[in-house]
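Asker: Here it is, the structure in full.
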């Protein structure tokens, strides 16, 4: 296993994470390297870039046709990474964030004044309410999460809430179904190339979230 040092560069961390999500091959193409260079020069936070790559990887893993699954290149993540960076920059610079119809019903407050982390929190709660309506087996757990999740204070807090919601929904599944899902996620991660411990954790999170979303027909709200 390739273990990255604590002082690994932005380029090394992105390449390591991409290898974990791609599941095959570890080398970045020349175009991929140029893209990472551009993110680095723009001062893009690694955590925000990672979120975009994770979303692209999940879509490629389960939403694409069976014969076209998996990320082909890092440039295939560019659109979703750019979207995450735009949202993050809009929040940190105080600019308006464009409204999303699904979250509009959550509040009557003008959308332009809503910080990104609050917007994400409301979207998460809306998704959980829909899940409770659509699936009786997780309805009690989903509604408890809605009632108990605290409003996040920042971007990281919104991310933690999404992770917590995922884990609590997973725990709400019947034992046999939960074990089967975790085993499938484990098997998918084991097929990935050598990676750092951090990337392996991200890979487990990706596969666990994607499998749970597929099992419960949930949107990718984390």
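Asker: Go through 176-189, 113-126 and give me the packing order, highest mean Cβ count within 10 Å leading.
Answerer: Ranking, from highest mean packing down: 113-126, 176-189.
Asker: Would you please give the FRET efficiency between residue 151 and residue 12, computed as 1/(1 + (r/R0)^6) with r the Cβ-Cβ distance and R0 = 41 Å, to the nearest 0.05?
Answerer: Computed FRET efficiency for residue 151 and residue 12: 0.70.
Asker: Okay, next question. How long are the semi-axes of the equivalent ellipsoid of region 119-192, taking √(5λ) for every eigenvalue λ of the Cα gyration tensor, in whole Å from largest down?
Answerer: Calculated on Cα positions only, the semi-axes equal 24, 18, 9 Å.
Asker: Now a separate question. Full extension from residue 34 to residue 86: what is 0.36 nm times the residue separation minus their Cα-Cα distance, to one decimal in nm?
Answerer: Between residue 34 and residue 86, full extension yields 16.8 nm more.
All of the numbers you see were taken from the coordinates with simple rules; none came from a lab. Predicted model only: the values in this text are computed from it and were never measured. No Cβ is skipped: glycine too gets one built from the backbone with ideal geometry, and neighbour counts run over all protein chains shown.
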